[in-house]
Amino acid sequence: MPEERTVLLSLKGLRKTFDTQEAVSGIDLDVYAGEFLTLLGPSGCGKTTTLRIIAGLEMPTAGTVHLDGQDITHLAPERRQVNTVFQNYALFPHMNVYKNIAYGLTMRGAPKAEIQEKVEVMLDLVQLTGYEKRMPSQLSGGQRQRVAIARSLVLSPKLLLLDEPLGALDLQLRRNMQQELKRMQQRLGITFIYITHDQEEALTMSDRIALMREGRFVQLDTPKGLYEQPQTAFAASFIGATNLITATAQAVKDDEVLLDIAGFDVPCFDSDWITPGETLLLSLRAERLHLSCEPVNTACWVRGDLVESHYAGGERSSTIRVPDGQLLRARATTEGEREPTLGSAVYCWWNKDVGVLVRDDREGA
Amino acid sequence: MKKNAPWANVYMAVILLLLYLPILVVVLFSFNSNPGRTANFQFEGFSLQWYQDLFNPITGYGAPLRSSLIIALWSVLLSAVLGTLGAIGLVRRPVRKSLMGRGAAALMTMGEQVSVLPIMIPEIILGIALLALFTLLGLPFGMVTLVLSHVVFCVPYIYITVKGRLASLDPGLEEAARDLGATPLKVLTTITLPLAMPAVISGCLLAFAMSMDDFVISFFVNGPHSNTLPLKIYSSVKVGVPPHVNALCTVMLAAVFLVVGFSQLYQANAARRHRAHEKRDERERKAVEGRA
């Protein structure tokens with residue numbers, strides 16, 4: 001993305017309280033024009049409420065919403081240049097596909113000819129030409145979903161909000177629609193704010209991901225940044241499979257910290273916020289761990305017993321128990337490997353820059 | 001259940017007999033050629049004489065039928081507007097109940113309860129109350145008071161059916177319409193009302209039947225120059241049951257059965273269409289899975 005980016009949507013200090021429950025507790029966010037931003041989080045983390053505030057379907061308890069520099073916090077939903085694709089599609093059951101897609105244009109009072117032209121373009125875009133006369137009840141899930149998208153896109157909104165649009169589709173269809181949506185977004189250049197609780201979907205589709213938890217942003221980052229450099233244990237464990245290993249900081253020097261993991265001295269980067277003696281978690285992605293039967297000439301390693309090993313074609317997943325009882329999971333390619341023996345001692349090593357230290361903020365911690 | 005089947009069948013037969021025997025008698029005797037007013041309990045022969053009599057100006061059913069229809073149409077029309085708007089107002093209120101003050105929320109709940117009360121209040125009380133009210137207001141008794149009274153007991157039927165329909169509608173549809181640029185008024189006319197229409201119509205049919213059939217309340221608020229069909233029937237049976245009343249009852253019965261049968265057929269059709277779609281959806285889902 002270019003350096004000079006224009007901010008399309010700006011949320012400041014957004015809060016929303018229902019009765020006594022705080023659904024959104026202070027969100028600041030700038031969304032850039034043309035961006036694909038995903039709100040990711042477990043159910044009940046406030047992502048849908050945030051989306052509904054942007055759409056105008058919910059009034060925030062505090063904070064402001066700016067679209068294109070204009071304050072739209074209290075603007076009625078019909079007067080915002082923002083459209084939404086709802087989770088259950090919300091197609092009008094008493095209107096056929098054509099009328100559903102034409103609805104927004106009809107409300108704007110567009111001339112008949114223009115409506116027809118635009119609807120036809122949309123039908124072509126979502127590959128539903130010939131389905132104009134069908135009623136929503138006569139469509140499959142995937143088709144309904146495409147009508148819902150066409151119905152919003154036909155208004156050429158500045159911003160399209162999508163609330164788990166693929167949630168109700170089966171896996172195969174979901175994969176296809178993910179690619180289709182991403183292509184559509186790039187072709188039309190419309191800014192997308194996308195909600196999902198599927199981390200894989202978020203990683204493959206987004207320019208940036210806002211990971212949410214209990215009404216707050218845990219981390220706002222690129223997919224790569226979120227995966228490679230999680231800032232908290234929650235972020236590390238929510239995205240992808242990871243090992244969170246308990247480690248004690250022994251000494252901090254320069255940009256390095258010396259950790260004690262089950263009696264092994266392991267160096268790690270990223271040290272300016274750590275005090276010696278502190279107990280931390282080291283996040284190590286399973287696929288970044290390497291196994292070896294002989295000692296390795298590298299700084300970061302631990303030794304343990306191989307307690308579990310599963311051959312899965314291209315890769316093998318192994319579980320190693322280190323002396324203090326912690327279990328490490330490793331996923332390595334099986335290419336040229338020697339069959340490891342269960343119960344034997346193995347060396348588990350990794351490159352110093354793949355380990356990320358985080359504080360424990362998980363449930364019950 | 002299977003074990004007790006014979007007893008269950010006997011029980012069913014007795015219930016049905018008790019329910020329908022009186023009606024059967026009326027239908028049967030509407031074709032009885034015995035002209036006796038009080039002692040026509042002997043079936044003498046088949047005749048359509050009494051049906052012919054209904055159209056005879058001497059029996060005088062024309063005017064009451066016309067006023068009954070006019071009253072029913074007006075009261076249903078007014079009730080449809082009042083009941084539908086009331087239901088929309090209460091189901092689709094702009095503010096969540098939980099966000100209102102406790103007093104306002106309690107008032108709202110009370111409003112919901114009170115609005116269906118006329119169905120539960122004994123008709124005789126409603127009749128006397130309306131009589132007192134109209135006297136107090138100095139309204140001349142006649143068509144106007146009849147229509148107003150019928151509106152009172154018709155509104156709840158429409159209100160209840162429409163409210164049920166609205167409650168089962170996805171509020172997301174109205175939000176989607178707003179999102180696509182419809183003002184609240186446009187949402188009402190293009191989304192809410194069309195979707196509520198089946199319930200409005202079925203509520204209207206029910207209310208129409210109730211209005212055509214009402215005797216007690218009409219009895220109290222009727223004027224010297226108006227007469228409804230039930231009131232006319234009542235006055236004709238003061239001295240025995242004239243045979244043409246049997247014929248009239250049979251005609252009304254047939255009309256009711258037609259309406260009910262039609263609505264049942266319509267619902268059954270809708271259900272069948274729905275099932276067909278579901279089956280098709282299932283097939284497509286399987287096809288998708290097959291490809292995967």
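The values are calculated or read from the model by the stated rules, or taken from the named source; none is laboratory data. In this text the structure is predicted, and so the values were computed from the model without any measurement. For neighbour counting, all protein chains shown are included, and Cβ atoms are generated from backbone atoms with ideal geometry for every residue, glycine included. For accessibility, only protein heavy atoms count, side chains too; no ligands or nucleic acids. Shrake-Rupley method; radii C 1.70, N 1.55, O 1.52, S 1.80 Å.
Before moving on, here are some points about what is shown:
- Close amide H contacts of A:Leu39 (hydrogens built in the peptide plane, cut-off under 5 Å, sequence separation of 5 or more or a different chain): A:Tyr194, A:Ile195, A:Thr196, A:Ala210.
- Ranked by the mean number of other Cβ atoms within 10 Å of their residues, highest first, the peptides A:42-55, B:131-144, A:294-307 come out as A:42-55, A:294-307, B:131-144.
- Among A:222-229, B:209-216, the order from most to least packed when residues are scored by Cβ within 10 Å on average: B:209-216, A:222-229
- For the range B:61-236, relative contact order (Cα pairs under 8 Å, six or more residues apart, normalised by length) works out to 42 percent.
- The helix-based estimate of mean residue ellipticity at 222 nm for chain A, built from -39,500 (n - 2.57) per DSSP H run of four or more residues and divided by its residue count, is -7000 deg cm²/dmol to the nearest 500.
- Remark on the range A:277-352: Rg and Dmax equal 12.3, 42 Å (Cα only).
- Ratio of Rg to Rh for the protein assembly as shown: 1.16 [Cα atoms; Kirkwood radius as inverse mean 1/r over pairs].
- Rounded to the nearest 20 debye, dipole of the range A:98-159 from Cβ charges on Lys, Arg, Asp, Glu: 240 debye
- Of A:Leu91, B:Pro230, A:Ala76, farthest towards positive along the dipole that unit charges on Lys, Arg, Asp, Glu beta carbons give the protein assembly as shown: B:Pro230
- Cα-based shape type of the range A:321-362, given that a ≥ b ≥ c are square roots of the gyration tensor eigenvalues and the cut on a/c is 1.5: oblate
- Chain A, relative contact order [Cα under 8 Å, separation at least 6], %: 15 percent
- C-alpha long axis of helix A:171-188 to longest principal axis of chain A, angle in °: 70 degrees
- Summarising the amide proton neighbourhood of A:Thr84: residues at separation of 5 or more, or on other chains, whose placed amide H is nearer than 5 Å comprise A:Leu161.
- Drop in accessible area of at least 20 Å² in the complex versus isolated chain, residues of the range A:107-138, 1.4 Å probe: A:Met107, A:Ser137, A:Gln138
- Based on the Kirkwood approach, the hydrodynamic radius assigned to the range B:61-236 is 17.7 Å, with every pair of different Cα atoms included.
- Rounded to the nearest 20, the size of the Cβ-charge dipole of the range B:61-236 about its Cα centre is 280 debye, with Lys and Arg at +1 and Asp and Glu at -1.
- Alpha carbon convex hull of the range A:17-65, volume per residue in cubic angstrom: 88 Å³
- Its Cα centre serving as origin, the range A:209-280 has a Cβ charge dipole (Lys and Arg +1, Asp and Glu -1) of approximately 380 debye.
- One decimal place: the segment B:Thr189-B:Val260 gains 22.7 nm when fully extended, by the rule 0.36 nm per residue minus the C-alpha distance.
- Per residue Cα convex hull volume in Å³ - calculated over the range A:102-162: 91 Å³
- Kyte-Doolittle mean at least -0.5, axial Cα span of 15 Å or more - DSSP H helices of chain B: B:5-30, B:62-91, B:102-114, B:123-137, B:143-168, B:193-213, B:243-291
- Förster radius 51 Å - calculated FRET efficiency between A:Arg15 and B:Tyr11 (Cβ-Cβ, nearest 0.05): 0.20
- Exposed-loop-free span, longest in chain B, where trypsin sites (Lys or Arg not before Pro) count as exposed if DSSP calls them loop and at most 15 other C-beta atoms lie within 10 Å: B:97-237
- Selection from B:Ala72, B:Leu133, B:Leu205, by position along the positive dipole direction of the range B:61-236 (Cβ): B:Leu133
- Fully extending the segment from A:Arg5 to A:Asp170 would add 55.8 nm, taking 0.36 nm per residue of separation and subtracting the current Cα-Cα distance.
- Taking N as its residue count, the alpha carbon Rg of chain A over 2.2 N^0.38 Å: 1.20
- Across the range A:6-19, coupling constants 3J(HN,Hα) worked out from phi with the 6.51/-1.76/1.60 Karplus curve, θ = phi - 60°, read 8, 7, 8, 10, 9, 9, 10, x, 6, 9, 9, 10, 9, 6 Hz, and Gly and Pro carry x.
- Across peptide A:248-261, the average count of Cβ atoms from other chains found within 10 Å of a residue's Cβ is 0.
- DSSP beta bridges in the protein assembly as shown [antiparallel fraction, %, rounded to 5]: 80 percent
- For the range B:188-235 and the range A:116-184, distance of Cα centres in Å: 46 Å
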